[in-house]
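Accompanying notes for the structure given below.
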């Protein structure tokens, strides 16, 4: 566990407002024995936060106290300063009660944004590389980082999702439905980023674009910018063809990176043909 005061003091002046909020979350934990874990992650946890960074935090509570504590969570945040707004919900929707967590988005009058997860302390937690553990008297958070690993099925799922959406771009472009075509292109590119991240051996490739830019190398393919298009039919088709070509190149590289082998499916060629004809 990181020593909270020393870590807070090490944050740059640009994060003074975020430091103030985090300090209050730690204080809430110290005053309430039902709170067993406080973690800060994402950009601040990685040490690359700036004045615009959110406070991404996880609070773990005793399982038997979870339901009783939920009404108090907004108060933890309000103690740090005037809240402009806050929205809370239980996620995932439809999950068994013991598997749900409370998600809170809050924005302070100061402009600081907070994404807070309140969860039951779990034995199956896996520690992320960006986690800074600031309160953990029971050593509930594993000491070792567990990085996610991708499988051939992940690559196939993302690949087919991208290709089916590119087929949809061709369909909508042919109809002149540029908004729908644009939406499908954006979704296809999101899955392309995931495949590319696997191919480049980027950690946590499931996060796609975010994972690539979190990697110190920031390995962006030279032609990725060609996959971006305005709301114009021919531009959308051209960008979708560039996206399809990148999927075709990245798929076997991603498979090789995880020790698998998969031929490019026939759908890739068909998607490109449909786009060229659109």
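The values are calculated or read from the model by the stated rules, or taken from the named source; none is laboratory data. Keep in mind that what you see is a predicted model, and the values were worked out from it rather than measured. Here the Cβ is made from the backbone with ideal geometry for all residues, glycine too, and neighbour counts use every protein chain on show.
When you look at residue 119, is it surrounded by 14 or more Cβ atoms within 10 Å (Cβ to Cβ), touching a residue at least 24 places away in the same chain (Cβ under 8 Å) and within 22 Å of the chain's Cα centre (by Cα), yes or no? It would help to see each step written out before you state the result.
Working: surrounded by 14 or more Cβ atoms within 10 Å (Cβ to Cβ): yes; touching a residue at least 24 places away in the same chain (Cβ under 8 Å): yes; within 22 Å of the chain's Cα centre (by Cα): yes.
Judged against the criteria, residue 119 is a match.
In the range 225-246, is there at least one residue being in the same structural domain as residue 261 (by TED's automatic domain parsing) and at positive phi?
Scanning the range 225-246 turns up no residue that is in the same structural domain as residue 261 (by TED's automatic domain parsing) and at positive phi.
Consider the range 221-255. How many of its residues are assigned to a helix (DSSP H, G or I), touching a helix residue (DSSP H, G or I) at 6+ places or on another chain (Cβ under 8 Å) and more than 14 Å from residue 186 (Cβ to Cβ)? Steps first, please.
Keep residues of the range 221-255 that are assigned to a helix (DSSP H, G or I), which gives 224-227, 233-255.
Next, only the ones that are touching a helix residue (DSSP H, G or I) at 6+ places or on another chain (Cβ under 8 Å) stay: 224, 226-227, 233, 236-248, 250-251, 253-255.
With more than 14 Å from residue 186 (Cβ to Cβ) added as a condition, the list becomes 226, 233, 237-238, 241, 244-248, 250-251, 253-255.
Count: 15.
When only residues in the range 9-22 that are in contact (Cβ under 8 Å) with a residue 24 or more places away in the chain and part of a helix (DSSP H, G or I) count, which is surrounded by the most Cβ atoms within 10 Å (Cβ to Cβ)?
Ranking the candidates gives 18 first.
Does residue 267 qualify as being surrounded by fewer than 20 Cβ atoms within 10 Å (Cβ to Cβ), under 26 Å from residue 182 (Cα atoms), in contact (Cβ under 8 Å) with a residue 24 or more places away in the chain and outside the structural domain of residue 45 (by TED's automatic domain parsing)?
Yes: the conditions hold for residue 267.
From the residues in the range 202-218 that are assigned to a loop (DSSP other than H, G, I, E, B) and under 21 Å from residue 188 (Cα atoms), which one is farthest from the chain's Cα centre (by Cα)? So that I can check it myself, show each step before the final result.
Taking the range 202-218 first, the residues assigned to a loop (DSSP other than H, G, I, E, B) are 202-204, 208, 215-218.
After this cut, where a residue has to be under 21 Å from residue 188 (Cα atoms) as well, the list is 202-204, 208, 218.
Working: 202: 14, 203: 12, 204: 9, 208: 8, 218: 16 Å.
If we take residues in the range 202-218 being assigned to a loop (DSSP other than H, G, I, E, B) and under 21 Å from residue 188 (Cα atoms), then 218 is farthest from the chain's Cα centre (by Cα).
Given the residues 126, 147, which is the only one that is farther than 20 Å from residue 26 by Cα, surrounded by fewer than 18 Cβ atoms within 10 Å (Cβ to Cβ) and assigned by TED's automatic domain parsing to the domain that holds residue 40?
Selected residue: 126, the only one of 126, 147 that is farther than 20 Å from residue 26 by Cα, surrounded by fewer than 18 Cβ atoms within 10 Å (Cβ to Cβ) and assigned by TED's automatic domain parsing to the domain that holds residue 40.
Based on this model, can you work out whether residue 104 counts as within 22 Å of the chain's Cα centre (by Cα) and in contact (Cβ under 8 Å) with a residue 12 or more places away in the chain?
Taking the combined requirement at face value, the residue satisfies it.
Would you mind stating whether residue 198 is touching a helix residue (DSSP H, G or I) at 6+ places or on another chain (Cβ under 6 Å) and not in a helix (DSSP H, G or I)?
no
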